[in-house]
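Following: one structure in C-alpha cells, then a few remarks.
Laboratory data are not the source of any read-out in this text; all were calculated from the coordinates shown. Predicted model, so just to flag it, every value in this text is computed and none were measured.
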Amino acid sequence: MKYTFFILAASFLLLSCKKDSNSSTSKTDQISSADWKYDNGGVSDANGNIIVDFSTTGTIPACSLDNTIHFNADGTGTVYENANICQGASATTPFTWSFASNGTVLNLSAGAIAGIGGSFQVKEISATKLSLLKDTTYMGTQVKAVVNLKH
C-alpha cells in the first residue's frame, strides 16, 4: 500500500509539472515580424536618452518620415518610400542586414534608415519598438544618435 501511494504521488507530480515553454522570441523574429516606421530620434546622452530631437533640427527629411522598413528573416530587407517619396529616390530600396555581437549590434547596408547604413548598437528591441544608437558627427562634434522605430 505504501508503494502504491508513493507511485500515485510521484505520477501526480510528474504529470502536473509543466515544462516551461520558450516564450522568448528571437531578435530575428522580432525584427522581421512586421514593418517598422520612424517614431522619433535625435542626439542622445550616453544612455541613449534624446537630448536634441531630430524633429527640431530637420536632420531627417520630412519625405523620410513616412517610410516603412521591412526586415526579412533571411537578412534582406526593403525600405518603402510610401506616399511622400523623396526627390530622386526609388519607391523601394533593397538592403541587407545582420545581427552581430549576440544581437547587440545591427549591421545595415547603406540606405536602410533615412539613407544611413553601417553598425548600430541595439538599445532595445521588442514586439513594438526598435531603438538603435549610432556614433556619428553632429555640428562638428562626435555624438551618439538614437533612432526609434515602431510597428
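Taking the alpha-carbon distance from residue 144 and a cut-off under 14 Å, which aspartates and glutamates remain once sequence neighbours fewer than 8 residues away in the same chain are dropped?
Answer for residue 144, where 14 Å is the Cα cut-off: 45, 53, 135, listed by chain and number.
Among rounded, prolate and oblate, which fits the stretch 26-150 when a ≥ b ≥ c are the square roots of the eigenvalues of its C-alpha gyration tensor, a/c under 1.5 means rounded, and a/b larger than b/c means prolate?
Here the stretch 26-150 falls in the oblate category.
Kirkwood Rh and Cα-based Rg: tell me the resulting Rg over Rh for the stretch 81-151, rounded to two decimals.
0.99
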